Amino acid sequence: MIRMRRLRASSNLRSLVRETVVTKDDLVYPVFIKEGKDIKEPVASMPGIYQYSADRFNEELDRVVNAGIKAILVFGIPSHKDEFGSEAYNDNGVTQNIIREIKKKVPDIIVIADVCLCEYTSHGHCGIICGHEILNDETLEPLAKMSVSLAKAGADIIAPSDMMDGRIAYIRKVLDSNGYKNTPIMAYSAKFASGYYSPFRDAAQSEPSFGDRKTYQMDPANGREAVRECENDIAEGADIIMVKPALAYLDVIKEVSNFTNYPLAAYNVSGEYSMVKAAALNGWIDEKRVVMENLTSIKRAGAGIIITYHAIDAAHWLKED
Ligand code: PBG
Ligand code: ZN
């Protein structure tokens, strides 16, 4: 008889045949920096996650370093928003300033800068608008200016999350011509118009004031189109591609990882985090077990880079074992 249970008999046997192991090197931790002073504001819908002002951020940076996390994804929340999101490319803006400070304090940490206008626009959309239309080509220039400004501040990786067509090629060209030809681009390639982003929009204060993001983010029904999005971004010069969200899109991660050998990231988004936290806080699930199972599943599906709000906890759990 084929006895599958033979190799499950002990912990050491199980680890000998284990196919997928998450390590802390796989993890990227997102952080929210709010312009202002003396801010440590809990995000109500994301237990354990806070908005920090730059002067209070050291405490969070220490937690990241102590956990052994090597990469963070930075979101800035400016106090001044306008129709064009012009704070996004202010060389002294909230995001640029915190990136400079982080790189001064911890030079070897990988700072990934999210590039999008929605945290900076008064209307909360990811692009330049005309009436209720979100304009594609008009948005490319401010995204490229933002990218250069963030690279100049010290960002190690530029991560466009806007989903405008052609933005990877445009940003690549402008980065190159400004002396940043060695700055990698991590493209949010298959980013779906998802209900799982709601807690993030509290955290980043980026809820659109009208309509939704369905004319630029992808339809959750489309897996084949996700592969095309990744193909396009690779052709345009992306160094790393991303699928987002992660858990409801494991099939997409698998599909994309089968089609390309480019490094693939997956974003375990805010709503996915909050559901686990809510159930854990109610005592309905074992948080550590469920989080590690989720992260392992994302990696098993094919993502080598996992962006997750669980990163610090997971890194400590991995150390314990
Ligand atoms: C900005 C952006 C969003 C997220 C990352 N970058 C939100 C959105 O598109 O509305 C979502 C992250 C999360 O939910 O954790 N474009
Ligand atoms: Zn956006």
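The values are calculated or read from the model by the stated rules, or taken from the named source; none is laboratory data. Note that the structure is a prediction, hence the values are computed from the model and not measured. Reconstructed Cβ throughout: ideal geometry from the backbone, glycine too, with neighbour counts over all protein chains shown. The accessibility values were calculated without ligands, DNA or RNA, using every heavy atom of the protein model including side chains. Shrake-Rupley method; radii C 1.70, N 1.55, O 1.52, S 1.80 Å.
Does any residue of the stretch 281-288 turn out to be at pLDDT 95 or above, out of contact with any strand residue (DSSP E or B) (no Cβ under 6 Å at 6 or more places or on another chain) and under 16 Å from VAL22 (Cα atoms)?
The answer is yes; a qualifying residue exists.
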Extreme residue, nearest to ligand 1 (Cβ to nearest atom), among residues of the stretch 169-198 that are open to solvent by less than 70 Å² (accessible area, probe 1.4 Å) and basic (Lys, Arg): LYS191
If I filter the stretch 12-24 for residues that are under 17 Å from the mean Cα position of the chain (by Cα) and over 27 Å from SER149 (Cα atoms), do I get at least one hit? yes
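Residue-wise test of (1) out of contact with any helix residue (DSSP H, G or I) (no Cβ under 7 Å at 6 or more places or on another chain); (2) of a type in the set (A, V, I, L, M); (3) farther than 30 Å from VAL43 by Cα.
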position	(1), (2), (3)
GLU141	yes, no, yes
SER147	no, no, no
ALA151	no, yes, no
VAL174	no, yes, yes
ALA187	no, yes, no
ALA203	no, yes, no
PRO245	no, no, no
For the stretch 207-222, does any single residue satisfy the condition of being in contact with an Asp or Glu (Cβ under 6 Å, 6 or more places away or on another chain) and either at pLDDT 95 or above or assigned to a loop (DSSP other than H, G, I, E, B) (or both)? no
Elements of type strands (runs of 3 or more DSSP E) in the stretch 68-146, at least 2 residues being open to solvent by 10 Å² or more (accessible area, probe 1.4 Å) and within 19 Å of SER206 (Cβ to Cβ): 128-130, 133-135
Considering only residues that are β-branched (Val, Ile, Thr), under 15 Å from LYS24 (Cα atoms) and either within 16 Å of ligand 1 (Cβ to nearest atom) or open to solvent by less than 10 Å² (accessible area, probe 1.4 Å) (or both), which ones fall in the stretch 267-317? VAL291, ILE298, ILE305, ILE306, ILE307, THR308, ILE312
Please determine, by comparing only the residues of the stretch 157-168 that are among the charged types (D, E, K, R) and surrounded by 19 or more Cβ atoms within 10 Å (Cβ to Cβ), which one is nearest to ligand 1 (Cβ to nearest atom). ASP162
